[in-house]
Amino acid sequence: MSEAIATIALAGNPNAGKTTLFNALTGSRQHVGNYPGITVEKKEGFVDMPSGTVRVIDLPGTYSMTAYSQEELVARDFLVKERPQGIINVIDATSLERNLYLTVQFLELGIPVTLALNMVDALESKGIRIDSDRLADLMRLPVVRTVARSGLGVREALQAALTHPRQSWEPLFISYGPDLDPVLGEMTKLISNAGFLADTYPPRWLALKFLENDLVVRQLFEADYELHRRLRDMADEVARHCEKTLKTQPEFLIADYRYGYISSILRQGVLTVMPDLQGRADLSDKIDAVLTHQVAGPAIMLAILYGLFSVTFTLGEIPMGWVETAFAWLAELAGKMPPGLTRSLIIDGIIAGVGGVLGFVPLILIMFLGITFLEDSGYMARMAYMLDRVFRIFGLHGSSVVPFIISGGIPGGCAVPGVMAARTLRSPKEKLATLLTAPFMACGAKVPVFILLAAAFFPEHGARVMFLITLAGWAAALVAAKMMRSTIIRGPSTPFVMELPPYRMPTAMGLVLHTWERGWQYIRKAGTVILAIAVLIWAMMTFPGLPQEIAAPYEAEMAGIQEQLQAETGEAARGELEASLAALERRLKEEALTHSLAGRLGQAIEPVTAWAGFDWRTNIALLGGIAAKEVIVSTLATAHSMSDAENTDFAARIAAAPGWNTSVAVSLMIFVLLYSPCFVTVVAIAREASWGWAAFSVVFNTAFAFALATATYQLGMSMGW
Amino acid sequence: MFFCKTKDTADGVRTLNDLKDGEKAVVRCLSRSQGCHLSKLTAMGITPGTEIEMLSNSGGPLLVLVRSSRLCLCRSLGQAVVVE
Ligand SMILES: Nc1nc2c(ncn2[C@@H]2O[C@H](COP(=O)(O)OP(=O)(O)OP(=O)(O)O)[C@@H](O)[C@H]2O)c(=O)[nH]1
Ligand SMILES: [Mg+2]
């Protein structure tokens, strides 16, 4: 990347369209969705402008500059530590007043701000008119009207930020009235005399944050004991004063003056609201009256979920058949190679392994399309709202719903972004409980296992099985959360507040792009990580090879039959001979697999796993699944293709395999759903919480899953399923 | 503009939780019982003097319309918002 001439950050309220604007500018495909808090990490991109290359940073959304949760801290830290040349403050024009609250704080920090008045396409239907020139005059900053979704005005916004009239940082001064101004002045003088953090924060901003009880800023001051003490005394004093004379707290007074400053600007002809078009006529409210209805709402939610699966399975079956045929053809082609290690690697390792995963791509894509629709339309936020009531009982709250959904609460998600989404939870206890239980959801990598087992043991009922598995994931997560919240992470529940975005009709283009983006990630993973692991596991299942003294008798017997076969001419006798030859071959393969490293490992733990009905072959797959869940299906495929010569359908092969029955299948589905998170998720948990908790999640989840699987299997067997 | 002590909210005072569906009211003050979580409410637009409309209040979390955005908040926060 060539040297960037400037860094411009995109900042603003959650769900204002920052990432959409970022994508429109840079041509990248970062995740966009219609609910607050999608972006939790900063993302970087480069844009070629006439004057040179510009580095653009997409930041997580924030409501204020007081850091409430971790992703808000990411945004603030970036601004003060990296000091970009300027920011484009992306504003949801339909809620201008609230959005400007943050703008004022940016201005107080001193960053050159360019306003991107986004979503101006939605203004008319809401009966709102904004005079952007007047706004620009009054606030003395560039204002550009944008529709990020169609790319309108986005380059102009960047251009305006580059040619901002103010090229250096310069804090805005707002008066906070006769009660606060004097003390603010004194505190500011004290801080600037001490030269405290002079090169990162304006002194008055620090003083304001101190009065606002910003914990992070107060902690900063602890470095200077004397200064901290004096500031604290002043802050306490003015707090007492405010309480006595105004019955208020400095932080509310500050908020009040900020909103006052904003409305004094908006009142000067900037914002016109046509009252006849406002209010109850809003379409979102009408939809909500039905979709979030107290009784109908949850019923509709379940119906939507169920409908999603039915559609997925009905539609997905056809293209899935094509992909399977394609891989069968490939395997046949490779079968023409001379027998040996290379052929085994290609057929049993690569084609069976990667093909086992890729075969599910059509289904996964349809599922992704469904999730993307729910996410872009704004329905996901409503699910959080409706489920808050239930979640509260289990010691979580509504904000936990979104991490769950992203993790696979609607099958097809992934626990890694899900775990990261838990950042938006402010309270550490709920966050931890969410982090540890989100991996229970049916992520896209586990889905193939369920589909496979459903096809083998519950043919015709795929959608229903998937639906039940999904509910089981939610139920297990809630129960486990409750267990943790009443033991190791006990504590009162913290308050919860979230913005509900308006319903938006997702654009066809957006749906296709997001679905493809997710699908492509899945495919790419199958072609890289999963391929590597599949080859590794194939090697473990192949080596060490069978020692000669075991293999020799088989080979001798097989050679004998071959000879007889050459001599024999009778139809019936030939058939018999061929059958016994195939059986021998199978036994030889089985013997070899048993003898391999993976086979021995699987057998070593079989005495324990047998309680839950898992044989040593399944154990290999489950061990591999800790690396990545896709590996479970690919390893099962490899294990069964290596010990099975007949080239029938994979599902049929599993159903016919010795030691498999309905109880085993159900027990395995439960275990796969719940056991240890995959490696990448474990790392993500460690990053969000600690390595201790990450280790805990491996042990706890596996134990929890094993207990449930064992109970299911034993019950199933006693019922004779 | 006012901030009330917990005892002021004890009885006879209406909070957000008492509003019925479709009812409008003006925020009078925020009671301190919820501590710093209230500053998030102010950042999201619930400040004394703002008009607030209850969209749905049916035992679970509240759904309100404030400064033309829809907020969903739990009842313990609703309890802290005194309205008139
Ligand atoms: N009508 C309309 N919708 C838009 C526009 N720009 C973005 N959107 C939609 O607004 C929603 C939020 O967009 P995002 O880009 O994810 O918002 P964000 O600011 O990055 O949100 P966070 O990452 O959560 O802070 C999406 O559903 C977009 O499709 C616009 O100009 N007009
Ligand atoms: Mg974003």
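The values are calculated or read from the model by the stated rules, or taken from the named source; none is laboratory data. From a predicted model like this one, the values you see are computed outputs, not experimental measurements. Neighbour counts run over all protein chains shown; Cβ positions are idealised from the backbone, glycine included. The protein model used for the area step is the full one, side chains on, heavy atoms only, and it has no ligands, DNA or RNA in it. Shrake-Rupley method; radii C 1.70, N 1.55, O 1.52, S 1.80 Å.
The table that follows gives values for the structure above.
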item	result
For the protein assembly as shown, size of Cβ-based charge dipole, Lys and Arg +1, Asp and Glu -1, in debye	2140
Point-to-point label distance, residue A:129-residue A:323, nm (Cα→Cβ direction, 7 Å offset)	5.4
Residue-normalised accessible area of chain A, given per residue in Å² at a 1.4 Å probe	41
Derived scalar couplings ³J(HN,Hα) [the range B:13-25; Karplus, 6.51 cos²θ - 1.76 cosθ + 1.60; whole Hz; x for Gly, Pro]	9, 8, 10, 4, 4, 8, 6, 8, 3, x, 7, 10, 7
Distant-in-sequence amide H partners of residue A:499 (H built 1.01 Å from N, under 5 Å)	B:72
Furthest towards positive pole of dipole, A:146, A:262, A:411, structure part chain A, Cβ charges	A:262
All lysines inside 30 Å of residue A:42 as judged from Cα atoms, apart from same-chain residues fewer than 8 positions distant	A:18, A:81, A:209, A:429, A:431, A:446, A:525, A:629, B:40
Anisotropy class of the range A:631-721 from Cα gyration tensor, a/c 1.5 cut	oblate
Simple label model, 7 Å out from Cα along Cβ direction - residue B:24 to residue A:332, nm	7.3
Given charges at Cβ of Lys, Arg, Asp, Glu: the range A:296-485 dipole, positive-most of A:474, A:335, A:428	A:428
Cα gyration tensor category, rounded, prolate or oblate, for the range A:4-117 with a/c compared to 1.5	rounded
Size of electric dipole in the range A:6-162: Cβ of Lys, Arg +1 and of Asp, Glu -1, about Cα centre, debye, nearest 20	120
Antiparallel DSSP beta bridges within the protein assembly as shown, percent to nearest 5	60
Other-chain or far-sequence residues with amide H under 5 Å of residue B:15's (modelled H)	B:83
Within the protein assembly as shown, helix-based [θ] at 222 nm, where runs of 4 or more DSSP H residues each add -39,500 (n - 2.57), nearest 500	-18000 deg cm²/dmol
Contour excess over end-to-end distance, with Cα ends at residue A:460 and residue A:236 and 0.36 nm allotted per residue	73.7 nm
Solvent-accessible area lost in complex, 40 Å² minimum, residues of the range B:40-62 relative to chain alone, 1.4 Å	B:40, B:42, B:43, B:44, B:58, B:61
Hull volume in cubic angstrom per residue (convex hull over the Cα atoms of the protein assembly as shown)	188
Rounded to the nearest 20 debye, dipole of the range A:305-438 from Cβ charges on Lys, Arg, Asp, Glu	600
Neighbourhood charge, 13 Å Cβ-Cβ cut-off, centred on residue A:123 and excluding it, Lys, Arg +1 and Asp, Glu -1	-1
